[in-house]
1. Within 12 Å of chain B (Cβ to nearest Cβ) and surrounded by 22 or more Cβ atoms within 10 Å (Cβ to Cβ): is that true of residue A:573 in this structure?
2. Note down all Cβ pairs under 7 Å where the first residue falls in the range B:552-566 and is within 23 Å of residue B:308 (Cβ to Cβ) and more than 7 Å from every other protein chain (Cβ to nearest Cβ), the second is outside any strand (DSSP E or B) and open to solvent by less than 20 Å² (accessible area, probe 1.4 Å), and they're at least six residues apart or on different chains.
3. List pairs: first residue in the range B:513-527 and within 23 Å of residue B:572 (Cβ to Cβ) and in a loop (DSSP other than H, G, I, E, B), second residue modelled with pLDDT under 95 and of a type outside the set (S, T, N, Q) anywhere in the structure, Cβ distance under 9 angstrom, at least six positions apart or on different chains.
4. Do we have residue A:352 as outside the structural domain of residue A:39 (by TED's automatic domain parsing) and part of a loop (DSSP other than H, G, I, E, B) here?
5. Where residues in the range A:248-286 are assigned to a loop (DSSP other than H, G, I, E, B) and among the charged types (D, E, K, R), which of them is most open to solvent (accessible area, probe 1.4 Å)?
6. I'd like to verify a number: residues in the range B:577-631 that are among the hydroxyl-bearing types (Ser, Thr, Tyr), open to solvent by less than 40 Å² (accessible area, probe 1.4 Å) and either more than 11 Å from every other protein chain (Cβ to nearest Cβ) or more than 33 Å from the chain's Cα centre (by Cα) (or both), how many?
7. Has the range B:213-226 got any residue that is among the basic types (Lys, Arg), over 21 Å from residue B:69 (Cβ atoms) and open to solvent by 30 Å² or more (accessible area, probe 1.4 Å)?
8. Which condition from (1) closer than 24 Å to residue A:347 by Cβ; (2) in contact with a strand residue (DSSP E or B) (Cβ under 8 Å, 6 or more places away or on another chain); (3) open to solvent by 10 Å² or more (accessible area, probe 1.4 Å) is the one that residue A:494 breaks?
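The values are calculated or read from the model by the stated rules, or taken from the named source; none is laboratory data. This one's a predicted model, so the numbers in the text were calculated from it and none came from an experiment. Don't worry about glycine lacking a Cβ; one is built from the backbone with ideal geometry, like all the others, and counts go over all protein chains shown. These accessible areas exclude ligands, DNA and RNA; they are computed on the full protein's heavy atoms, side chains included. Shrake-Rupley method; radii C 1.70, N 1.55, O 1.52, S 1.80 Å.
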There are 2 protein chains.
Amino acid sequence: MSAGSQCFRRFSPIPFTHVSVEDEFWAPRLRVNRERTLFAQYEQCRKTGRIDAFKLDWKPGMEPVPHMFWDSDVAKWIEAASYSLATHPDEKLAALVDEVVSLVVGAQRPDGYLNAHFTVVEPDKRWTNLRDNHELYTAGHLIEAAVAHYQATGKRTFLEAMCRFADCIARVFGTEAGKKRGYCGHEEIELAVVKLYRATGEKGYLELSRYFVEQRGRQPHYFDLEARERGEDPAKFWARDYFYCQAHAPVREQKEAAGHAVRAMYLYSAMADLAAELNDPSLLEACERLWESVCLRKMYVTGGVGSVRGYEGFGPDYDLANEAYAETCAAIGLVLFCQRMLQFDCDSRYADVMERALYNGVISGVSLDGERYFYENPLVSDGTHHRQEWFPCACCPSNLSRLLASLGTYAYSQPVAPGLLASGSVRGGAGLRVVPKADPVKGGAGRRSSDEGDAFGVHLYIAGRADTTLPSGAAVTLRVETRYPEEGAVHITVAPARPCEFELRLRIPGWCRKHSLAVNGEAVEAPVERGYACVKRTWHTGDVVELELDMPVERVKAHPNVQANRGRVALQRGPLVYCLEQADHSVPVRHITLPDDATLAAKKVEPQALGFPPDPLPALVVLEGEALAADPSVWQNALYRRACPPKGASGDRRRVPIRAVPYFAWDNRAPGEMVVWLPKG
Amino acid sequence: MSAGSQCFRRFSPIPFTHVSVEDEFWAPRLRVNRERTLFAQYEQCRKTGRIDAFKLDWKPGMEPVPHMFWDSDVAKWIEAASYSLATHPDEKLAALVDEVVSLVVGAQRPDGYLNAHFTVVEPDKRWTNLRDNHELYTAGHLIEAAVAHYQATGKRTFLEAMCRFADCIARVFGTEAGKKRGYCGHEEIELAVVKLYRATGEKGYLELSRYFVEQRGRQPHYFDLEARERGEDPAKFWARDYFYCQAHAPVREQKEAAGHAVRAMYLYSAMADLAAELNDPSLLEACERLWESVCLRKMYVTGGVGSVRGYEGFGPDYDLANEAYAETCAAIGLVLFCQRMLQFDCDSRYADVMERALYNGVISGVSLDGERYFYENPLVSDGTHHRQEWFPCACCPSNLSRLLASLGTYAYSQPVAPGLLASGSVRGGAGLRVVPKADPVKGGAGRRSSDEGDAFGVHLYIAGRADTTLPSGAAVTLRVETRYPEEGAVHITVAPARPCEFELRLRIPGWCRKHSLAVNGEAVEAPVERGYACVKRTWHTGDVVELELDMPVERVKAHPNVQANRGRVALQRGPLVYCLEQADHSVPVRHITLPDDATLAAKKVEPQALGFPPDPLPALVVLEGEALAADPSVWQNALYRRACPPKGASGDRRRVPIRAVPYFAWDNRAPGEMVVWLPKG
């Protein structure tokens, strides 16, 4: 979508509550997330004091001291657990959620404020250092949790409490006289209050988000003023520059992705939300520019983002050393951003990146057993980088869980019923009237999107089903059968309640160079529009669409400006990026080079036979072939040697069998070296 | 040489005063050094206040404040100028040297102490912080300067003053009761007092060196004690760990090269000196181990050392990112270390590394016009790294000048006349008797080295001549004609004063895989011993030796453990490592990859035609051929793409002509990208 064109968001995700995930790839992971991860995270939050912190009984001298952003870890856990309860009721989990929500709500101050640290540890510091103190960040996560909890359980206490918190925030911050013109050093509140607006229909929350986003980076700089008020020299900001928190310039003037990657992703997601809600072309243009900055110049092949360890963030263009930082939360944030951008125009470039991140750099963040996590997701390892059970800064674990528990949300879209975006209640006085959630499945009956007919967009190929009511009022179910990403065949049964016309938009992934499509056994040449094959017809129950995506093993190159990967290739098949792990090799994987003419074959294997745990990987496609490895004997007394003549499997190198496994699965076996980008030759 | 074997040093360099350099490669550089560089450096020292600092008229509040190691910059300049005067008298330079020496000597305190900073700026801090304060380091350079000045001019004032300084130091430091058990945080004094011993014959100076080297790294740790005496917490050492200054363990227990690279090189050089002078096998063994650590695991292909910017030093094994730090002084230090190791047994591995550094990573440190310097010598540049006229920490410029002015010293060796090593005067009382310098050219007549006959070792092939008197008393001149490193043919005319038998040892460089040798036109099969072709015979005046070293263009690979260069090759011809500069290319050099089958031809060109300054490069051999470059148009909207099929000059890459120029010559034309290691394929 180019600047100045119609920017109204035309699509809306079908919520995960209307999507079932029944495949061999995701379903077992989601089960592990429900059955193990969520309980393990609760236990970690409990034993580290994060939950008890809400009791507000900390006294000076006691250990541990509630940390300023502990609340957010618990909030994301509530959000994740709520999503899980919405699709898979579980009494034990529900009881834990009730217990925790009740503690959280109990910690709220009479004026609506809520942060365990600033309530008991530094009560005099409330709102004194937005740059560093994360109060609005934790507020955002609490608000997201409250919306999720309400939508999952129908219980209103937490949501109402968080509305009071948002009201408290709106009383403190804003451009009106007497208010602070502040915004958070770690974005999150911005997208959270859009969610709160969508859940409640209360326009004030949308305005609050707009205020935070518009105010960011303006002069006189709030972080300067605030630092001086604390008696500090603003120039002595520990992170040196406000680009760290995307506050170096007003958001529309930000030309490239900069600073802390998670912060950036949350801001850009909120900007996309606002561009949609406010129909703001200049904000959308900024989003597009920043998305291109990230995805065309600053993203790892795994969908990880953030190469600079020092500030967990973006470096210069093409600065993509394989010792990547690539925080799990940043890849998750990229998924959030892409999903929002995808809804404007159903352009597959956004879904391509979303898929890349989801299948690689996001789920690499959690072990197959669901109880250990990567904070960093490098593309090379000397064998010393391993997942951990928890972190002092534990943002990633529950972020992963909330994403997995709501995975279905990312798979499908349908046109927006325009009334829905603008809908909302008028909030009267102190009371709260929670309107029916803005669920496109139920709302807007009979309204059509303004410029197109009904459509059903399929972004991710996940076996299962999706049920929705299109804007026209037609109830439609899609039943998807596929072994994707193991195979590229997708079999979709369309089941409308009654025959109806709509456009089935099937994403042709960017990695796929050949596809074929058949409807009811007959080949069709569907036009491909913005990366989606569009089959428009009147559908009858039992109509079958067969999509065949050619899925060969591919060598991938990085842009020649990526210094680290010149002369190297990565291996990819379908959406999965592969790596070589030491566990499969008798020579050090760092010594392996891949000749251009080496053949690599995809092979379905029994994961246990390769040493993987039996669960949750029912099957695994590995790539096998022959490559070359340096012969260590010839290097015994040399640091530099004459290169052997071309064709040199002889001389200083030996042929060795190699096996590549999906990147997401690495470090689930014996510790050892790992490499994604293989030198050629 | 293995541990435990005879470690007595068997060879000795023929000093540069007996070697003439008349070739097209070095002679013009040495002329530029004499005629431009030395005067420019004087001017820089003068205008930055380094020379006037010796007037000791600084008062609090005045700018600039004499820095604690300024003295060393001036000292190295005196040393360089003295070497130059020894071979090329120059009244103007001599007058400057006289002026500066007189200022320096005038700054000496009555007790012998000399350091401009600690005399006027922090007089109460003398010897209170050896870890950081460089007092013994500057003393070392002053002592080296004094020895050079005496040897060049015969004038004794400076030498005698520096003997008094050394005496002052010996009164303060040592293991005897009442003395400080200290040693310098920046090594240098250790090798300097060995030079002073050799110049004066005064054994006390050798003992002082031994004391410093032996004391280093012992417990209780002097730097700890000293810090506590200053009221500081030793654990708060800014560089964190004593490995920074090679003081983490006693020297014999140091298993690998560690810490600041220049410091390390100076220490190891001193250890080699002491191993030779004291016939100490365990010290020699430590030197060999450390040399292997450097040269087999931690050295750039250019002979640069030190990859870690943070402490200008050695990282882990094979940690050789191309954004090298590789300080010019460190490469010079490696030459010093190698030359010392070479004398033990005339093993060409030491000469190979010495040559690699000299022809590449050392002389890259100075511009062709002789007036700008690299402090860092990276192997890749984005076009922003350039030589500068001076530095606040200006150790490299005069270090380069002293090396160039004494270059001849590195080219030849002859056996030691054993008496010389042990020789020396007995120093009586306070007086100084300067003995004739321990010059193997003149000394030891009639004595033969214990286990072998006479020999004449040729390490570097430089057109010109070398005159010496072998231990047997035979006066011999070698006249060398060669265009090396432009060509591999070396024509040596042997001219003994009278017919005499000795072994001519001609180094067969490690880079050379085929050589031939003829004496008086007849091919000879000379045995190659430790890398030297040995021609033993009775030589008559006019005997001609012709050595032909095959010098093809070679692709060089790095050890497979070097992460940065997997799948890459460097280009080398003879001793010269090549690089690609942007000035020769229409596509970004970072986009160029080199197919295994690309042909590269050496071509002699007129440097001016390529944009180089006319002086001091009379000719230049470049490498030309065809490679592949990424086609930027196919990358316009992609960060990752499918790699094209093998043989792919088609598709995403284009054939482009490439030209490689010697690494030492880079950044002498229009600024632009540079790369040494080319990705294959």
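1. Spelling it out, residue A:573 is indeed within 12 Å of chain B (Cβ to nearest Cβ) and surrounded by 22 or more Cβ atoms within 10 Å (Cβ to Cβ).
2. Hits for this filter: B:562/B:320; B:564/B:320; B:564/B:322; B:565/B:677.
3. Close Cβ pairs satisfying both conditions: B:513/A:642.
4. Here the answer is no, as residue A:352 does not meet what is asked.
5. This residue is A:255.
6. So the count comes out to 1.
7. Yes, some residue in the range B:213-226 is among the basic types (Lys, Arg), over 21 Å from residue B:69 (Cβ atoms) and open to solvent by 30 Å² or more (accessible area, probe 1.4 Å).
8. With respect to (1) closer than 24 Å to residue A:347 by Cβ; (2) in contact with a strand residue (DSSP E or B) (Cβ under 8 Å, 6 or more places away or on another chain); (3) open to solvent by 10 Å² or more (accessible area, probe 1.4 Å), residue A:494 is out only on (3).
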